[in-house]
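Each reported figure results from applying straightforward, stated rules to the coordinates on display, with no laboratory input. Bear in mind that the values here come from a model prediction, so they are computed numbers and not experimental data.
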Amino acid sequence: MEKLLSNEHHESLPESYILPVDKRPGLIINKVIPVIDLAAHNHEQTAMQIIQAAKEFGFFQVVNHGIEEEVMREMLKISKEFFQLPIEEKAVYFSEDVNKFPRLHTSTTRVNKLEKKVWRDYFKFVCHPVDPHSMDQWPQIPTGFSEIAPKYSKFARELGLKILEFIAQGLKLDDNYFNGELSDGTSIININYYPQCPDPSLALGLLSHCDPNLITVLLPDDQVNGLQVLHHGDWISVDPIPNAFVINVGHQLEFITNGLLKSVEHRAVTSSNMSRISIATFIYPSSECVIGPAKQLIDEKNGPIFREFKLKEFMSIYNGHIGDTANIMDAFKIKA
Ligand code: OGA
Ligand code: NI
């Protein structure tokens, strides 16, 4: 079993985590991603704000989303407790098999063909569909996890679907355009744990990437920042508003909107003072559906810029080119 960062102590950053100079965290600029009030009365205006943010930044925060603060707080707390368990208690979830769920692992990655690691452990599980009678997929420890995680998962997924409805409205598609097969694939929750890092200037918690799914609902740590978003070539740090969620456009939403909404590169930096947790809920299309630009967004002036495909083809290209967004998108562009 590969060692978990969360069960080790490092006085200095091991060589295997020291990234090449061009991949290390650098300057950030002083900009903020938009904040959207989901309880505002004018739904049409909210939809337009979401579209604007998704076009310009690919990221936004949502407040007044209707999810109880206590559920959010509890989920963050219990997630942190999970990673702080002794190794013997969580080893049962550790697996090298990327298709196994739930799965606990630590990050190994290829950077410029050098084997380098990033400063993150993670725990992934399927949150939709779930059989309500089978509790065995949820960890039984820490106590309370198997109670709070299903509750949280359901709310987070519903929030994602609600935002998709606003997006459909804002694009003048049917309100339920994204319901059904486009959002009904396996939803996955990824709990990211970034331990205190001996030298955050040389390492990353997550390398720059775009998310492969339709839309992501992220609950960031409420104590420490870490998420950074690329905006016109500059990195901006996301400063989470208390009790807000961070939403971002995944690759599939960019394809379906024919490039109107942007799937934007982001990464996570580490901290030397504190460990950080983040909980990402990834909503995926079903494996059977054909993904491509929505017909309603295509006309004589605006032809499709992406071809049609199924998720399996996308995932194999994505996994073969992790972090190389230009090449991934290129594989699905219709060449002139
Ligand atoms: C992810 C991700 C960001 C974070 O899990 O894909 O981008 O803040 N996480 O941990
Ligand atoms: Ni991501």
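Using the Karplus relation 6.51 cos²θ - 1.76 cosθ + 1.60 with θ = phi - 60°, the per-residue 3J(HN,Hα) values for segment 36-53 come to 10, 8, 6, 9, 4, 5, 7, 4, 5, 5, 4, 4, 5, 5, 5, 4, 4, 5 Hz, with x marking Gly and Pro.
Return the Rg/Rh ratio of segment 23-330 with Cα-based radii and a Kirkwood Rh. Mind dumping the intermediate values first?
Working: Rg = 18.7 Å, Rh = 19.9 Å.
Result: Rg/Rh = 0.94.
Relative to the longest principal axis of the Cα atoms of the chain, the long axis of helix 145-170 makes an angle of roughly 30 degrees.
Here the Karplus curve 6.51 cos²θ - 1.76 cosθ + 1.60, taken at θ = phi - 60°, turns the phi angles of segment 211-223 into couplings of 7, x, 8, 7, 8, 10, 10, 10, 9, x, 3, 8, 10 Hz, with x standing for Gly and Pro. In plain terms, the chain from residue 290 to residue 140 could stretch by 50.2 nm, reckoned as 0.36 nm per residue minus the Cα-Cα distance. Partner lysines whose Cα lies under 18 Å from the Cα of residue 312, excluding those fewer than 8 positions away in the same chain, are identified as 100, 333.
Short version: what are the Cα gyration tensor semi-axes of segment 115-245, square root of 5 times each eigenvalue, largest first, in whole Å? Write down the numbers at each step before the final one.
Working: eigenvalues 148, 109, 37 Å².
Each semi-axis is the square root of five times an eigenvalue, giving 27, 23, 14 Å.
Here is the size of segment 236-321 from its Cα atoms: Rg then Dmax, 16.6, 55 Å. Nearest 5 percent is fine: what portion of the DSSP beta bridges confined to the chain is antiparallel? Counting DSSP beta bridges with both partners in the chain, the antiparallel share is about 90 percent.
Straight-line cross-link reach from residue 162 at under 17 Å between alpha-carbon atoms covers these aspartates and glutamates, not counting any fewer than eight positions away in the same chain: 37, 44, 68, 174, 175, 181, 184.
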